[in-house]
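The values are calculated or read from the model by the stated rules, or taken from the named source; none is laboratory data. Since this is a predicted model, take the numbers as computed values, not measurements. No Cβ is skipped: glycine too gets one built from the backbone with ideal geometry, and neighbour counts run over all protein chains shown. For the accessible areas, the whole protein counts, side chains as well, though only heavy atoms, and no ligand, DNA or RNA atoms are used. Shrake-Rupley method; radii C 1.70, N 1.55, O 1.52, S 1.80 Å.
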Amino acid sequence: MTTITANRSPLCQLMGMSPLIKNDRAAWLQGPPADCSVLPAERKNPCRLVLLGAPGVGKGTQAEILTARLGACHLSTGDLFRAASKRPDCEQSPAMKAATQYMRRGDLVPDSTVWEMVRERSKCIIHCGGFILDGFPRTLGQAQSLKELMEKETLSLSAVVNYELTVDEIVGRLSGRRTCGKCKSVFNVKERPPKFEGVCDRCGGRLLQREDDRPEAIAVRLEAYDRSTAPLIQFYKDLGLLLPILAKGSPEEIAARTIDRLNALAG
Ligand code: AMP
């Protein structure tokens with residue numbers, strides 16, 4: 001297995017260093033006027049990454065590991081929608097209530113709603129600590145909106161990592177995935193089972209299956225991915241940003257592979 005070494009490249013200077021305190025991501029998850037408990041440190045060459053890949057390839061797990069290694073912020077639109085859907089009914093806009101229904105079915109939330117949520121959190125994207133976008137963009141329209149926002153701010157992406165896996169492996173990962181209701185740790189009943197069935201190793205919380213990991217929703221999500229998100233591979237290839245990574249092996253192996261490729265890119 002490849003080992004991760006620190007400070008090898010200007011692109012990811014702080015690789016190998018973990019932030020001392022975990023950011024609660026309040027600015028991203030709650031939106032304005034909320035602020036994060038800990039602001040990511042300013043960096044000279046921050047990592048600005050987009051993670052692509054079908055649902056179930058492990059983007060969320062990779063985003064967590066890479067966030068800890070690179071010091072950037074983990075910006076997941078799925079987490080954002082899940083947090084918003086748990087708010088009291090009276091605090092949810094009609095667009096947010098509709099978005100929750102799309103999510104339950106496994107369908108994509110309309111671009112206008114997604115962009116509204118991301119745009120009002122644009123300070124998370126502009127912040128000089130960098131970011132790891134997970135689950136966004138998911139359509140060409142969203143990719144174009146992100147590109148325009150970044151161009152306006154004279155920022156550019158470091159790379160777009162595309163995690164690759166076969167359809168059978170993806171279905172296996174999605175149907176076996178269990179998430180801790182308390183600390184959100186992710187397990188897989190086959191590949192990464194908890195020590196005790198249904199119980200989180202980390203905090204003892206109950207492990208739950210995400211509503212959109214049920215078989216009917218999985219089929220809808222994979223279809224939505226093929227139709228709307230797969231074209232982003234060519235979009236970012238044409239921009240010279242695409243970095244294909246095989247998503248096989250343990251999460252640590254995949255992260256090490258990713259970091260090695262990022263290092264090679266930075267020279
Ligand atoms: P994820 O956790 O990234 O798999 O997202 C869970 C669900 O949230 C998706 O199946 C969609 O319903 C919705 N969602 C998250 N991000 C987006 C996006 N960028 N565009 C449209 N829908 C999204």
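Couple of notes before you dig in:
- Leu51 fulfils the conditions (1) aliphatic (A, V, I, L, M); (2) over 20 Å from the mean Cα position of the chain (by Cα); (3) open to solvent by less than 10 Å² (accessible area, probe 1.4 Å) except for a single criterion, (2).
- Scanning segment 85-111 for residues that are touching a residue at least 40 places away in the same chain (Cβ under 8 Å) and open to solvent by less than 70 Å² (accessible area, probe 1.4 Å) turns up Met103, Gly106, Asp107, Leu108.
- The residue list Ile245, Ile233, Ile254, Ile259 contains one member that is open to solvent by 40 Å² or more (accessible area, probe 1.4 Å), under 18 Å from Leu133 (Cα atoms) and not acidic (Asp, Glu), which is Ile233.
- Check on Leu51, within 11 Å of the ligand (Cβ to nearest atom) and under 19 Å from Ile126 (Cα atoms): yes
- Whether a residue is in a helix (DSSP H, G or I), outside the structural domain of Leu157 (by TED's automatic domain parsing) and open to solvent by less than 50 Å² (accessible area, probe 1.4 Å) was assessed, and Leu207 does not pass this test.
- Evaluated against (1) over 22 Å from Glu191 (Cβ atoms); (2) at pLDDT 95 or above, Ala98 falls short on exactly one condition, (2).
- Looking only at segment 54-69, and only at residues there that are within 25 Å of Pro32 (Cα to Cα), in contact (Cβ under 8 Å) with a residue 12 or more places away in the chain and more than 7 Å from the ligand (Cβ to nearest atom), the one that is surrounded by the fewest Cβ atoms within 10 Å (Cβ to Cβ): Ala68
- Single condition Ala143 does not satisfy, out of (1) at negative phi; (2) surrounded by fewer than 19 Cβ atoms within 10 Å (Cβ to Cβ): (2)
Residues checked against (1) touching a residue at least 24 places away in the same chain (Cβ under 8 Å); (2) within 14 Å of the ligand (Cβ to nearest atom):
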residue: Val161; (1), (2): yes, no
residue: Thr166; (1), (2): no, no
residue: Ile170; (1), (2): yes, yes
residue: Arg177; (1), (2): yes, yes
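- Candidate set from segment 100-137 (those that are touching a strand residue (DSSP E or B) at 6+ places or on another chain (Cβ under 9 Å) and within 10 Å of the ligand (Cβ to nearest atom)); member that is nearest to Ala34 (Cα to Cα): Val118
- Yes/no for Gly249 being modelled with pLDDT of 90 or more and closer than 24 Å to Ala68 by Cβ: yes
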